[in-house]
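Just below is one structure, and these are the notes that go with it.
The values are calculated or read from the model by the stated rules, or taken from the named source; none is laboratory data. What you are looking at is a predicted structure, and each value in this text was computed from that prediction instead of being measured. So basically every Cβ, Gly included, is an ideal-geometry build from the backbone, and we count neighbours across all protein chains shown.
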(Lines give C-alpha, C1' and ligand atoms only; values in the text may rest on other atoms or scores of the structure.)
Protein backbone atom coordinates (compact mmCIF):
# COMPACT_ATOMS: atom_id res chain seq x y z
CA UNK A 1 0.00 0.00 0.00
CA UNK A 2 1.22 3.49 -0.83
CA UNK A 3 2.02 5.78 2.05
CA UNK A 4 0.81 9.39 2.03
CA UNK A 5 3.40 12.13 1.57
CA UNK A 6 2.23 13.99 4.67
CA UNK A 7 -0.06 13.16 7.58
CA UNK A 8 -1.76 16.50 8.01
CA UNK A 9 -2.11 20.03 6.74
CA UNK A 10 -0.50 22.45 9.21
CA UNK A 11 -2.43 21.74 12.40
CA UNK A 12 -5.44 20.17 10.66
CA UNK A 13 -6.21 16.68 9.45
CA UNK A 14 -5.75 15.88 5.77
CA UNK A 15 -9.51 15.95 5.30
CA UNK A 16 -9.95 19.37 6.90
CA UNK A 17 -6.90 20.78 5.11
CA UNK A 18 -8.19 19.43 1.79
CA UNK A 19 -11.59 21.01 2.41
CA UNK A 20 -9.98 24.35 3.24
CA UNK A 21 -7.84 24.17 0.08
CA UNK A 22 -10.92 23.22 -1.97
CA UNK A 23 -13.06 26.06 -0.62
CA UNK A 24 -10.31 28.65 -1.07
CA UNK A 25 -9.65 27.54 -4.65
CA UNK A 26 -13.35 27.48 -5.48
CA UNK A 27 -13.67 31.06 -4.18
CA UNK A 28 -10.63 32.11 -6.21
CA UNK A 29 -12.14 30.50 -9.30
CA UNK A 30 -15.53 32.12 -8.72
CA UNK A 31 -14.22 35.62 -7.99
CA UNK A 32 -11.68 35.41 -10.82
CA UNK A 33 -14.43 34.42 -13.24
CA UNK A 34 -16.70 37.25 -12.07
CA UNK A 35 -13.92 39.86 -12.26
CA UNK A 36 -12.76 38.65 -15.69
CA UNK A 37 -16.26 38.79 -17.15
CA UNK A 38 -16.88 42.19 -15.54
CA UNK A 39 -13.65 43.74 -16.86
CA UNK A 40 -14.22 42.20 -20.28
CA UNK A 41 -17.75 43.59 -20.46
CA UNK A 42 -16.79 47.01 -19.09
CA UNK A 43 -13.81 47.52 -21.39
CA UNK A 44 -15.76 46.39 -24.45
CA UNK A 45 -18.77 48.59 -23.70
CA UNK A 46 -16.53 51.56 -22.86
CA UNK A 47 -14.63 51.43 -26.13
CA UNK A 48 -16.21 53.20 -29.08
CA UNK A 49 -13.42 52.10 -31.40
CA UNK A 50 -14.19 48.80 -33.08
CA UNK A 51 -10.55 47.76 -33.55
CA UNK A 52 -8.74 48.69 -30.31
CA UNK A 53 -9.47 48.69 -26.58
CA UNK A 54 -8.06 51.56 -24.50
CA UNK A 55 -6.07 50.07 -21.60
CA UNK A 56 -5.11 53.41 -19.97
CA UNK A 57 -1.41 52.40 -19.80
CA UNK A 58 -2.19 49.17 -17.92
CA UNK A 59 1.18 47.33 -17.69
CA UNK A 60 2.57 49.72 -20.25
CA UNK A 61 -0.16 48.97 -22.78
CA UNK A 62 -2.03 51.86 -24.27
CA UNK A 63 -4.17 50.10 -26.85
CA UNK A 64 -4.83 46.41 -27.41
CA UNK A 65 -6.42 44.86 -30.46
CA UNK A 66 -10.10 44.25 -29.66
CA UNK A 67 -10.07 40.65 -30.93
CA UNK A 68 -6.94 39.81 -28.93
CA UNK A 69 -8.52 41.34 -25.83
CA UNK A 70 -11.67 39.23 -26.25
CA UNK A 71 -9.66 36.04 -26.83
CA UNK A 72 -7.43 36.71 -23.79
CA UNK A 73 -10.48 37.43 -21.66
CA UNK A 74 -12.25 34.24 -22.70
CA UNK A 75 -9.11 32.13 -22.09
CA UNK A 76 -8.75 33.67 -18.64
CA UNK A 77 -12.43 33.01 -17.90
CA UNK A 78 -12.02 29.38 -18.99
CA UNK A 79 -8.96 29.00 -16.75
CA UNK A 80 -10.89 30.33 -13.74
CA UNK A 81 -13.83 28.08 -14.62
CA UNK A 82 -11.57 25.01 -14.75
CA UNK A 83 -9.91 25.96 -11.47
CA UNK A 84 -13.26 26.46 -9.75
CA UNK A 85 -14.70 23.25 -11.17
CA UNK A 86 -11.69 21.19 -10.08
CA UNK A 87 -11.94 22.69 -6.58
CA UNK A 88 -15.66 21.85 -6.35
CA UNK A 89 -14.89 18.29 -7.49
CA UNK A 90 -12.18 18.15 -4.81
CA UNK A 91 -14.70 19.14 -2.15
CA UNK A 92 -17.24 16.58 -3.40
CA UNK A 93 -14.56 13.88 -3.55
CA UNK A 94 -13.47 14.60 0.01
CA UNK A 95 -17.00 14.68 1.42
CA UNK A 96 -18.15 11.52 -0.40
CA UNK A 97 -14.82 9.68 -0.24
CA UNK A 98 -14.42 9.36 -4.02
CA UNK A 99 -10.75 9.53 -4.93
CA UNK A 100 -11.47 9.86 -8.68
CA UNK A 101 -13.15 13.22 -8.14
CA UNK A 102 -10.01 14.51 -6.43
CA UNK A 103 -7.86 13.57 -9.40
CA UNK A 104 -8.90 16.53 -11.59
CA UNK A 105 -7.69 18.94 -8.91
CA UNK A 106 -4.32 17.16 -8.82
CA UNK A 107 -3.96 17.46 -12.60
CA UNK A 108 -4.93 21.16 -12.64
CA UNK A 109 -2.66 21.89 -9.68
CA UNK A 110 0.29 20.11 -11.33
CA UNK A 111 -0.21 22.11 -14.54
CA UNK A 112 -0.37 25.35 -12.51
CA UNK A 113 2.91 24.48 -10.76
CA UNK A 114 4.64 23.84 -14.09
CA UNK A 115 3.29 27.09 -15.56
CA UNK A 116 4.47 28.99 -12.47
CA UNK A 117 7.98 27.59 -12.98
CA UNK A 118 7.92 28.87 -16.56
CA UNK A 119 6.71 32.24 -15.28
CA UNK A 120 9.60 32.26 -12.81
CA UNK A 121 12.24 31.98 -15.53
CA UNK A 122 10.73 34.56 -17.85
CA UNK A 123 13.11 37.35 -18.72
CA UNK A 124 12.72 40.71 -17.06
CA UNK A 125 11.65 39.50 -13.61
CA UNK A 126 12.91 41.58 -10.73
CA UNK A 127 14.23 39.98 -7.55
CA UNK A 128 11.01 40.87 -5.75
CA UNK A 129 8.91 39.11 -8.39
CA UNK A 130 11.15 36.02 -8.27
CA UNK A 131 10.83 35.81 -4.47
CA UNK A 132 7.07 36.29 -4.70
CA UNK A 133 6.81 33.58 -7.35
CA UNK A 134 8.96 31.17 -5.31
CA UNK A 135 6.75 31.79 -2.28
CA UNK A 136 3.63 31.08 -4.36
CA UNK A 137 5.15 27.95 -5.92
CA UNK A 138 6.12 26.59 -2.50
CA UNK A 139 2.52 26.98 -1.28
CA UNK A 140 1.17 25.32 -4.42
CA UNK A 141 3.56 22.39 -4.01
CA UNK A 142 2.54 22.01 -0.36
CA UNK A 143 -1.17 22.10 -1.27
CA UNK A 144 -0.49 19.53 -3.99
CA UNK A 145 1.25 17.26 -1.45
CA UNK A 146 -1.65 17.58 1.00
CA UNK A 147 -4.28 16.77 -1.63
CA UNK A 148 -2.15 13.95 -3.07
CA UNK A 149 -1.80 12.47 0.41
CA UNK A 150 -5.55 12.70 0.92
CA UNK A 151 -6.06 11.12 -2.51
CA UNK A 152 -3.71 8.25 -1.58
CA UNK A 153 -5.39 7.70 1.79
CA UNK A 154 -8.84 7.71 0.18
CA UNK A 155 -7.87 5.52 -2.78
CA UNK A 156 -6.20 2.76 -0.81
CA UNK A 157 -8.96 2.42 1.74
CA UNK A 158 -7.35 3.62 4.94
CA UNK A 159 -9.61 6.64 5.10
CA UNK A 160 -8.64 9.10 7.70
CA UNK A 161 -11.13 9.40 10.54
CA UNK A 162 -12.75 12.73 11.27
CA UNK A 163 -10.20 13.21 14.04
CA UNK A 164 -6.79 14.23 12.85
CA UNK A 165 -3.44 12.54 12.70
CA UNK A 166 -2.02 15.53 14.54
CA UNK A 167 -1.95 13.61 17.82
CA UNK A 168 1.44 12.37 16.61
CA UNK A 169 2.72 15.95 16.70
CA UNK A 170 1.50 16.71 20.21
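Here are a few things to note about the model shown:
- Where a residue in segment 127-138 is closer than 16 Å to residue 115 by Cβ and its partner, wherever it lies, is surrounded by 14 or more Cβ atoms within 10 Å (Cβ to Cβ), with Cβ under 6 Å and at least six apart: 133/120; 137/116
- Flag if residue 20 is under 30 Å from residue 147 (Cα atoms), assigned to a helix (DSSP H, G or I), out of contact with any helix residue (DSSP H, G or I) (no Cβ under 9 Å at 6 or more places or on another chain) and modelled with pLDDT of 80 or more: yes
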